[in-house]
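Trainee: Below you'll find the structure I mean.
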Amino acid sequence: MSSEQTPTTAPDTTGPRPRRLTYAAGLVALEGLTLVAGGAWMLVLGLTGEPDDRQQAVTGGVTLIALALLPLLAARGLLGRRSWSRGPAVITQLMALPVAYNLLQADSVAIPAGIALAVVAVASLVLLINAETTKALGIRGPGNAEK
């Protein structure tokens with residue numbers, strides 16, 4: 001065991017934040033805010049309306065609001081150029097793709113929501129794995145562990 005530590009690459013905070021990183025943070029935050037709005041809507045309808053199952057509506061609303069914390073924290077981290085924030089942001093997009101697919105399979109007004117969610121998720125993934133974003137966050141790619 002060596003006492004020598006592996007050097008870490010610090011984020012490139014010398015210049016302005018890359019647009020791609022800002023756009024990715026904006027899209028991730030948009031998803032988080034949409035989850036908060038949907039959860040609040042379910043919660044209000046569950047408490048004031050006539051849902052089929054009040055407990056299920058309240059639980060669903062609280063769950064959506066709790067799930068919104070992941071993309072909102074990731075968006076804040078992306079804006080602050082924190083390298084840890086890319087992981088939760090990517091996970092959020094990967095979770096959004098099956099949801100978008102299920103919305104697209106519905107025969108209802110959910111189809112436009114599925115299209116919008118799919119577009120946002122794919123665009124966010126492209127922005128998050130971009131080399132410029134990776135460099136701005138100080139993330140080393142494969143094969144760069146020795147540098």
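Trainee: How much accessible area per residue does the chain have, in Å², with a 1.4 Å probe?
Mentor: Value returned for the chain: 65 Å² of accessible area per residue.
Trainee: Here is a further query. Per the 1.4 Å probe, what fraction of the accessible area of the chain, in percent, lies on carbon and sulfur atoms?
Mentor: Of the solvent-accessible surface of the chain, carbon and sulfur hold 65 percent.
Trainee: Only one of the listed values, (i) 1.03; (ii) 1.10; (iii) 1.16, was derived from the coordinates as Rg/Rh (Cα atoms, Kirkwood Rh); which label is it?
Mentor: Label (ii) holds the value from this structure.
Trainee: Let me have the relative contact order for the chain, percent, based on Cα pairs under 8 Å that are six or more residues apart.
Mentor: 31 percent
Trainee: Taking the Cβ of residue 89 as the center, what net charge do the other residues with Cβ under 14 Å away carry, scoring Lys and Arg +1 and Asp and Glu -1?
Mentor: After counting each charged neighbour, the total is +4.
Trainee: In nm, to one decimal, how far is the residue 54 label point from the residue 129 one, both placed 7 Å along Cα→Cβ?
Mentor: 4.7 nm
Trainee: To the nearest 10 square angstrom, how much accessible area does residue 81 have with a 1.4 angstrom probe?
Mentor: Probe radius 1.4 Å; accessible area of residue 81 about 20 Å².
Trainee: Highest mean first, how do 60-68, 99-107 rank when packing is the count of other Cβ atoms within 10 Å averaged over residues?
Mentor: 60-68, 99-107
Trainee: Given charges of +1 on the Cβ of Lys and Arg and -1 on the Cβ of Asp and Glu, with all other atoms neutral, how large is the dipole of the chain about its Cα centre, in debye to the nearest 20?
Mentor: Roughly 700 debye for the chain.
Trainee: Before rounding to the nearest 500, sum -39500 (n - 2.57) across all DSSP H runs of length at least 4 in the chain and divide by the residue total; then give [θ] at 222 nm in deg cm²/dmol.
Mentor: Only helices count here, giving -23000 deg cm²/dmol.
The values are calculated or read from the model by the stated rules, or taken from the named source; none is laboratory data. Keep in mind it's a predicted model, so treat the numbers as computed, not measured. Note that we place each Cβ from the backbone using ideal geometry, even for glycine, and neighbour counts take in every protein chain shown. Areas reflect the complete protein model, heavy atoms only, side chains present, ligands, DNA and RNA absent. Shrake-Rupley method; radii C 1.70, N 1.55, O 1.52, S 1.80 Å.
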